Amino acid sequence: MKKLLTCVATLTLVFALFLTGCVNQGMADKINKKADSEEGYTYAQLVKDYGEPTIDLSILGTVIYVQGCKNADEVEEKYEDGKKLKAVYVTILLNNVVKAEFKEYIPEK
């Protein structure tokens, strides 16, 4: 029961962050501050703090949180409809966050 309550609380927090549009320059700044700290910032901590990335290219060293999108399909649909999307690109190296950058989302070709 305790695990279920923890899971529900975590999902609620992630949903609340999504609704508030947390994907912005402030998010990138917070990630960079943690990454530059003495303790460092791991990929697991990033996911715990911000939820699963919208686009997970961690095998290539990058994860992307796209503003207003829950998954890659939604990103593709909005992009094809001509909507300009903003995203926080997070660079990962050896399971550690290196940097985050907020910029316009441009899909890889």
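Read the figures in this text as sums done on the coordinates, not as results from a lab. Being a predicted model, the structure only gives us computed values, none of them experimental. Because the Cβ atoms are built from the backbone with ideal geometry, glycine has one as well, and the counts that use them run over all protein chains shown.
Between the amide H of Lys99 and those of Thr91, distances stay under 5 Å, these residues lying 5 or more places away or on another chain, with hydrogens modeled in the peptide plane. Here the Karplus relation 6.51 cos²θ - 1.76 cosθ + 1.60, evaluated at θ = phi - 60°, turns the backbone of the stretch 65-76 into coupling constants of 9, 9, 4, x, 10, 9, 8, 4, 5, 5, 4, 4 Hz, with x for every Gly and Pro. On the basis of the beta-carbon distance and an R0 of 30 Å, Thr42 and Tyr79 show a calculated FRET efficiency of 0.50.
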